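Scroll down for the structure; my scribbles are underneath it.
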């Protein structure tokens, strides 16, 4: 496998086939926990860890599993990984665990985890699967953090509020109060804000992609013209 | 070779345009707006002015961004109608940013992001109103006491402008709850409807002052129906639905449920029935469907008022029935002439 192959996997996971913006998988946790940057970051990290563990494990046991029973096996592996991550989070980040609550165990049902297991890890080697797991997780985290930032700024006028939940004492200094005496735009924090925000982010991503395509299409033409001249 | 000149239908053209209908809606709102200005002061007019200005700027910006002709779309006044419908529903001393956010949500999000006039599934003015209602409950429930209740002096224009643009605090004695608010809170305290209605906020039929605004909107609405700018079926359905359910519950327990005439005559019932629910874009399009659509709004309004968490529910009901409108249309197609019944 060449270098560019891994880069391609990374690019696919984070941007081209982003779970949140393109595949629209795992929308329940994405919409529910993205009301602040720290919540988004916490769930993103947990999901990335789960994706990495599952992809590696499933890629390793690939020769032992008959295709007929692969889905139950995936579910078992994912459930184990999620339980491990949940227990670790409960032990080391109790504050964040309290905030995210049910959404950590619910990573089991996140379709992007089983989706990557089925579509990638079951067909590829360990290293590639690991890279894919990290890339997909980072893509999901990107969606969570962007949406969380938009909703937190609009809704509370802060950024990285309650960062101590994730970073300990050090995090208290990270919180930015962008607008003093902000009344709060409740809609952004409430569920409709998540849907509207996600819609806007998807639209922005599509615009960026369309612009990139136009530029790519224009490039050969201009190169041709330059060659003719 | 053809012997006769043939033209496709329509053969009889009605000289109406979108702009004409929209302007009629604006004219029809004038009597009700005048009553509101009389009882609640300059704030109503200032709100209308802010909303109109923001709506025109937002509409022009979105049209330019979408590459649509500016003059044709701005000239049809649809943005102004949306702005007015929203502004009339706002408290008279709503801060300027409240009005601005509401109008921007209505024009930019609810109208243009869904494809512009004719494509929006939800009533833009009501989307703007609901965004404000759930985001800023405190600002949205600070209403002025109508002129003539208590011994308060009306605010001057300068005082109104200071309150709206600079956020100057308004004397507490000037603000108060709306009649539907009073009904809800006092009902929670266990008082009966008859006791609550002794409160000075209430007038002959519903709220003091409010009832004249309702009368104005009723007059304007009837004129809209007379000129066929609005279909009679939607207000009939809505007021009929509201009257039916409120009568039934009033007959069951007059102590606990307000009489039907109070429900019909308070809050946004009349205004909503004639001006908001009749929006031709988001309402049901078939004749029978319009009756069902209206009745659905009426019943939902009553359910939200009597059992829900908000004092009035016209905006929520209209949005909920907007979702249902395509399905209603699907099941109520008009009979094609000559087709068999049943």
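The values are calculated or read from the model by the stated rules, or taken from the named source; none is laboratory data. Please read these numbers as outputs of a predicted model, since none were measured by experiment. Backbone-built Cβ (ideal geometry, glycine too); neighbour counts: all protein chains shown.
Rundown of residues vs (1) touching a residue at least 40 places away in the same chain (Cβ under 8 Å); (2) assigned to a helix (DSSP H, G or I), yes/no style:
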{"residue": "B:290", "(1), (2)": "yes, yes"}
{"residue": "B:296", "(1), (2)": "yes, yes"}
{"residue": "B:302", "(1), (2)": "yes, yes"}
{"residue": "B:312", "(1), (2)": "yes, no"}
{"residue": "B:315", "(1), (2)": "yes, yes"}
{"residue": "B:323", "(1), (2)": "yes, yes"}
{"residue": "B:329", "(1), (2)": "yes, yes"}
{"residue": "B:333", "(1), (2)": "yes, no"}
{"residue": "B:339", "(1), (2)": "no, no"}
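Could you pull out the residue among B:88, B:108, B:54 that is buried (at least 17 other Cβ atoms within 10 Å of the Cβ), within 14 Å of chain A (Cβ to nearest Cβ), out of contact with any strand residue (DSSP E or B) (no Cβ under 6 Å at 6 or more places or on another chain) and at pLDDT 90 or above?
Numbers: B:88 fails: within 14 Å of chain A (Cβ to nearest Cβ); B:54 fails: within 14 Å of chain A (Cβ to nearest Cβ).
Step by step, each of B:88, B:108, B:54 is checked, and only B:108 is buried (at least 17 other Cβ atoms within 10 Å of the Cβ), within 14 Å of chain A (Cβ to nearest Cβ), out of contact with any strand residue (DSSP E or B) (no Cβ under 6 Å at 6 or more places or on another chain) and at pLDDT 90 or above.
Looking at segment A:166-186, can you tell me whether even one residue there is within 14 Å of chain B (Cβ to nearest Cβ) and either in a helix (DSSP H, G or I) or modelled with pLDDT of 90 or more (or both)?
Of segment A:166-186, the ones within 14 Å of chain B (Cβ to nearest Cβ) are A:179, A:181-186.
Still in the running and either in a helix (DSSP H, G or I) or modelled with pLDDT of 90 or more (or both): A:186.
Yes, because at least one residue in segment A:166-186 is within 14 Å of chain B (Cβ to nearest Cβ) and either in a helix (DSSP H, G or I) or modelled with pLDDT of 90 or more (or both).
Screening segment B:117-141 for residues that are surrounded by fewer than 17 Cβ atoms within 10 Å (Cβ to Cβ) and part of a loop (DSSP other than H, G, I, E, B) and picking the one that is modelled with the lowest pLDDT gives B:141. The criterion of at least 1 residues that are modelled with pLDDT under 90, buried (at least 17 other Cβ atoms within 10 Å of the Cβ) and within 12 Å of the chain's Cα centre (by Cα) is met, among helices (runs of 4 or more DSSP H) falling completely within segment A:1-103, by A:27-33, A:37-60.
Checking B:230, B:273 one by one, the residue that is assigned to a loop (DSSP other than H, G, I, E, B) and crowded, with 24+ Cβ neighbours inside 10 Å is B:230 and no other.
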